[in-house]
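For reference, the structure I am asking about is given below.
Nothing in this text is a laboratory measurement; each read-out follows from the coordinates by a stated rule. Bear in mind the structure is a predicted one, so any value in this text is a computation, not a measurement. With ideal geometry, Cβ positions are generated from the backbone for all residues, glycine too; neighbour counts draw on all protein chains shown.
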Amino acid sequence: MSDQQWMQDVLGYLLDPMKPEEFFADYHEKKAFVAHRNEPGRYRPLLSIQRIDDLISGMDFQPGTLDMARSDPPISRADYSFESGMIDRGAVARNFQQGATIVLPQLHQVDPTLAGFTRSIESLLSCHVQTNIYLTPPDAQGFKTHYDDHDVFVLQVEGSKSWRLYDTPVENPYRGEGFQPGAHEVGEPVQEFVLHAGECAYVPRGLMHDASTHGHDVSLHITVGLIVKTWADLMLEVVSEVALRRPEFRRALPVGFAQPEYDRSHAEAQFKSLVAALASEADLDSSFDLFVDNFIRSRTPNTRGTIVNFDTPTKAGQRYRLRPLVPWRLAEDGDEIVIITAGGEVRFPAAAEPGLQILLDGGDISDSSFPDLPEDQVQDTLKKLFAYGLSTPVR
């Protein structure tokens, strides 16, 4: 499957042969899923061991951009860093020889291919997507048994890993509610499997697991983390919205409420009154719109090609269409039309709205799509759309 195919069907890229409908009905946030398939090169377009070698040998890694892990004996950052905090490449290679896993967190932030892949998932699932890369030598284990505070897809790129799944002591833990060693009894595995190159596993947050290299080859896998907004997050925003309109929510708790002899009956009556007010005044749409806008604004703009082709908008008659996967919402602000998009917002004259609607609805536009704008504003509109990654030329 080429990169163009995963852009068109990223869930199929992850889940085949399972259908997305079955995954979301029976597995999502509930239980693990493993997609076994005989297609070892499936995920090679995303990354390779050679690419990892090129990065480590060619980049100056700042503190926190490369980590190492080994379950036993453990490894510390001082074992592979200089006193300045910069990564010691030789020490990385030596510790890798000695069984330590190389971890490249957030590699999608510097790798265009991984960036496009995560953007495809973000566009479909409406959640922040991150990647962590794990390169583990033979006969090694990077981490002891633990659970994650976010759901993950594990894409085995090269080699194989033996996985063991245990119980779920915390169902859907909060973001930041990380695993505490010793707080939960691990017990015996409830499921074991080997993940081979080209295969994918889904592990919901809160499910304890561990993994070690299988066989005599180096293992390379990509962990795709799904950082979601929860109903609790939304409800907190709803309460805040109501509190802006109803001053009783902003009043202080009763005087002396922490005293041992405080009578809570009055507080209980006030609490029930506030709950009733919340039920009657809670407005989904305003809080939901805020979450939508915040999610869109927080995405990383895709401006690839806007520098090398900076003069494209000056070509008469050049046609454009909406860049694939670009997030957007159209809004009005006085005499301006605003496209809320990745990285913030882009403003246009109100008279540009008909042409913008054509673009956002999936149609092609050119300078002739803005008949109500002066020529200089037509050029400015086309340049803005191109510069901020909203449009892409039709070749």
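Hey, what D do you get for segment 3-227 in µm²/s if you plug the Kirkwood alpha-carbon radius into Stokes-Einstein at 10 °C and 1.306 mPa s?
Stokes-Einstein gives a translational diffusion coefficient of 88 µm²/s.
Also, quick follow-up: Just want the ordering: LYS272, LYS144, from fewest to most Cβ atoms lying within 10 Å of their own Cβ.
In increasing order of surrounding Cβ atoms, one gets LYS272, LYS144.
Sticking with this one: Obtain the radius of gyration and the Kirkwood radius of segment 312-393 from its C-alpha atoms and give Rg over Rh.
0.91
Express the C-alpha Rg of the chain as a ratio against the empirical globular expectation 2.2 N^0.38 Å, rounded to two decimals.
1.20
Continuing with this model, one more query. Residue by residue, what Karplus-based ³J(HN,Hα) values in Hz, rounded to whole numbers, does segment 260-272 have, using 6.51, -1.76 and 1.60 with θ = phi - 60° and x for Gly and Pro?
My calculation for segment 260-272 gives x, 8, 4, 8, 7, 4, 5, 5, 5, 5, 5, 4, 5 Hz in order.
Order the peptides 216-226, 293-303 from the highest to the lowest mean number of other Cβ atoms within 10 Å of their residues.
Descending mean neighbour count gives 216-226, 293-303.
Still on this structure: If we count every other residue with Cβ under 15 angstrom of GLN62's Cβ, Lys/Arg +1 and Asp/Glu -1, where does the sum land?
Within the 15 Å Cβ shell, the charges total -2.
Can you tell me the equivalent ellipsoid semi-axes for segment 231-283? Use √(5λ) from the Cα gyration tensor, largest first, whole Å.
In descending order, the three semi-axes are 24, 11, 11 Å.
So what's the net charge close to GLN379: Lys and Arg +1, Asp and Glu -1, counting the other residues with Cβ under 13 Å from its Cβ?
Counting the neighbours of GLN379, the net charge comes to -2.
Report, in listed order, any pair from LYS31/LYS144; LYS30/LYS144; LYS229/LYS384; LYS229/LYS383; LYS19/LYS144 with a Cα-Cα distance greater than 25 Å.
As for pairs spanning more than 25 Å Cα to Cα, those are LYS229/LYS384; LYS229/LYS383; LYS19/LYS144.
To continue, here is another question. When the Cα centres of segment 185-234 and segment 348-395 are compared, how far apart do they sit, in Å?
Distance between centres, Cα-based: 45 Å.
Follow-up. Using the Cα centre of the chain as the reference point, and only Cβ charges (+1 on K/R, -1 on D/E), how large is the resulting charge dipole? Debye, rounded to the nearest 20.
That gives a dipole near 620 debye.
Another one. Please work out the Cα convex hull volume for segment 219-331 and give it in Å³ per residue.
243
Can I ask one more? So who's got an amide H within less than 5 Å of the one on ASP151, skipping anything under 5 residues away but keeping other chains? H placed 1.01 Å off N, in plane.
Sorted by chain and number, the residues that satisfy this are ARG205, LEU226.
Among residues other than ARG89 whose Cβ falls under 15 Å from its Cβ, what is the net charge (Lys/Arg +1, Asp/Glu -1)?
-4
Would you mind computing the Rg to Rh ratio of segment 191-250 from its alpha-carbon coordinates, Kirkwood style for Rh?
Answer for segment 191-250: 1.33.
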